[in-house]
Amino acid sequence: MKRLEIKPNAQYTDLTIIREVETTGRRKFLCECQCGNKTEVRLDHLTSGHSTSCGKCGIEWRGERRTLTAWAQSVEIDESTLRARLKIMSMDEAMRRGAT
(Lines give C-alpha, C1' and ligand atoms only; values in the text may rest on other atoms or scores of the structure.)
Protein backbone atom coordinates (compact mmCIF):
# COMPACT_ATOMS: atom_id res chain seq x y z
CA MET A 1 0.00 0.00 0.00
CA LYS A 2 1.29 3.46 -0.89
CA ARG A 3 2.25 5.68 2.04
CA LEU A 4 -0.16 8.62 2.38
CA GLU A 5 1.68 11.94 2.12
CA ILE A 6 0.49 14.47 4.71
CA LYS A 7 1.96 17.97 4.61
CA PRO A 8 2.17 20.60 7.36
CA ASN A 9 -0.76 23.06 7.36
CA ALA A 10 -3.13 20.43 5.92
CA GLN A 11 -6.59 20.96 7.42
CA TYR A 12 -8.80 18.19 8.83
CA THR A 13 -12.03 19.76 10.15
CA ASP A 14 -10.88 21.91 13.13
CA LEU A 15 -7.37 20.41 13.22
CA THR A 16 -4.35 21.77 11.34
CA ILE A 17 -1.30 19.52 10.90
CA ILE A 18 1.91 20.89 12.42
CA ARG A 19 4.24 17.91 11.92
CA GLU A 20 4.47 14.14 12.08
CA VAL A 21 5.44 12.69 15.48
CA GLU A 22 8.00 9.90 15.82
CA THR A 23 6.25 6.78 17.14
CA THR A 24 6.44 3.04 16.97
CA GLY A 25 3.33 1.62 15.39
CA ARG A 26 0.61 3.78 13.88
CA ARG A 27 1.46 7.18 12.42
CA LYS A 28 0.62 10.20 14.57
CA PHE A 29 0.61 13.92 13.90
CA LEU A 30 0.91 16.93 16.14
CA CYS A 31 -2.10 19.11 15.33
CA GLU A 32 -3.36 22.49 16.42
CA CYS A 33 -7.08 22.85 17.06
CA GLN A 34 -8.99 25.98 16.07
CA CYS A 35 -9.21 26.81 19.81
CA GLY A 36 -5.39 26.89 20.05
CA ASN A 37 -4.84 23.58 21.89
CA LYS A 38 -2.24 21.20 20.50
CA THR A 39 -2.85 17.45 20.45
CA GLU A 40 -1.40 14.29 18.93
CA VAL A 41 -3.80 12.44 16.62
CA ARG A 42 -3.48 9.14 14.76
CA LEU A 43 -3.49 9.43 10.99
CA ASP A 44 -6.37 6.98 10.57
CA HIS A 45 -8.47 9.04 12.99
CA LEU A 46 -7.79 12.20 10.97
CA THR A 47 -8.62 10.67 7.60
CA SER A 48 -11.74 8.80 8.82
CA GLY A 49 -13.20 11.85 10.56
CA HIS A 50 -13.09 10.13 13.95
CA SER A 51 -11.04 13.04 15.36
CA THR A 52 -12.32 16.48 14.38
CA SER A 53 -11.03 18.65 17.25
CA CYS A 54 -8.78 18.48 20.32
CA GLY A 55 -11.72 17.28 22.41
CA LYS A 56 -11.27 20.00 25.00
CA CYS A 57 -12.80 22.97 23.21
CA GLY A 58 -16.36 21.73 23.40
CA ILE A 59 -19.31 21.95 21.03
CA GLU A 60 -20.65 25.17 19.60
CA TRP A 61 -24.42 25.49 19.58
CA ARG A 62 -26.48 28.64 19.12
CA GLY A 63 -23.35 30.79 19.25
CA GLU A 64 -22.10 29.40 22.57
CA ARG A 65 -19.27 26.90 23.09
CA ARG A 66 -19.41 24.45 26.02
CA THR A 67 -18.10 20.99 26.77
CA LEU A 68 -20.39 18.02 26.21
CA THR A 69 -20.66 17.64 29.99
CA ALA A 70 -21.81 21.23 30.42
CA TRP A 71 -24.42 20.91 27.64
CA ALA A 72 -25.77 17.69 29.21
CA GLN A 73 -26.00 19.30 32.63
CA SER A 74 -27.85 22.30 31.20
CA VAL A 75 -30.75 20.05 30.13
CA GLU A 76 -30.31 17.61 33.03
CA ILE A 77 -29.39 14.47 31.11
CA ASP A 78 -26.43 12.11 31.36
CA GLU A 79 -23.38 12.94 29.21
CA SER A 80 -23.37 9.45 27.67
CA THR A 81 -27.02 9.90 26.67
CA LEU A 82 -26.24 13.18 24.90
CA ARG A 83 -23.18 11.64 23.21
CA ALA A 84 -25.31 8.74 21.91
CA ARG A 85 -28.04 11.10 20.66
CA LEU A 86 -25.50 13.23 18.77
CA LYS A 87 -24.46 10.17 16.76
CA ILE A 88 -27.95 9.91 15.26
CA MET A 89 -29.46 13.42 15.45
CA SER A 90 -28.62 17.11 15.39
CA MET A 91 -27.71 19.12 18.48
CA ASP A 92 -31.10 20.89 18.29
CA GLU A 93 -32.97 17.57 18.43
CA ALA A 94 -30.74 16.13 21.17
CA MET A 95 -31.10 19.18 23.39
CA ARG A 96 -34.86 19.48 22.76
CA ARG A 97 -35.39 15.88 23.87
CA GLY A 98 -33.33 16.50 27.01
CA ALA A 99 -35.42 19.51 27.98
CA THR A 100 -38.69 17.58 27.98
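The values are calculated or read from the model by the stated rules, or taken from the named source; none is laboratory data. Since the model is a prediction, treat every value here as computed from it, not as a measurement. No Cβ is skipped: glycine too gets one built from the backbone with ideal geometry, and neighbour counts run over all protein chains shown.
Quick check: anything in segment 90-100 touching a helix residue (DSSP H, G or I) at 6+ places or on another chain (Cβ under 6 Å) and free of Cβ contacts under 8 Å to residues at least 24 places away in the same chain? Yes - at least one qualifying residue is present in segment 90-100. In segment 36-53, is there at least one residue being in contact (Cβ under 8 Å) with a residue 40 or more places away in the chain, outside any helix (DSSP H, G or I), under 15 Å from the mean Cα position of the chain (by Cα) and not assigned by TED's automatic domain parsing to the domain that holds Arg85? Yes - at least one qualifying residue is present in segment 36-53. Taken together, the residues in segment 5-26 that are in a loop (DSSP other than H, G, I, E, B) and surrounded by 10 or more Cβ atoms within 10 Å (Cβ to Cβ) amount to 6. Does at least one position in segment 28-35 carry a residue that is surrounded by 14 or more Cβ atoms within 10 Å (Cβ to Cβ), modelled with pLDDT of 90 or more and either on the phi > 0 side of the Ramachandran plot or β-branched (Val, Ile, Thr) (or both)? No - not one qualifying residue is present in segment 28-35. For segment 58-66, the count of residues that are surrounded by 13 or more Cβ atoms within 10 Å (Cβ to Cβ), in contact with a strand residue (DSSP E or B) (Cβ under 8 Å, 6 or more places away or on another chain) and over 30 Å from Ile18 (Cα atoms) is zero.
Considering segment 42-55, and only residues there that are surrounded by fewer than 16 Cβ atoms within 10 Å (Cβ to Cβ) and either over 24 Å from Glu22 (Cβ atoms) or touching a strand residue (DSSP E or B) at 6+ places or on another chain (Cβ under 8 Å) (or both), the residue that is modelled with the highest pLDDT turns out to be Thr47.
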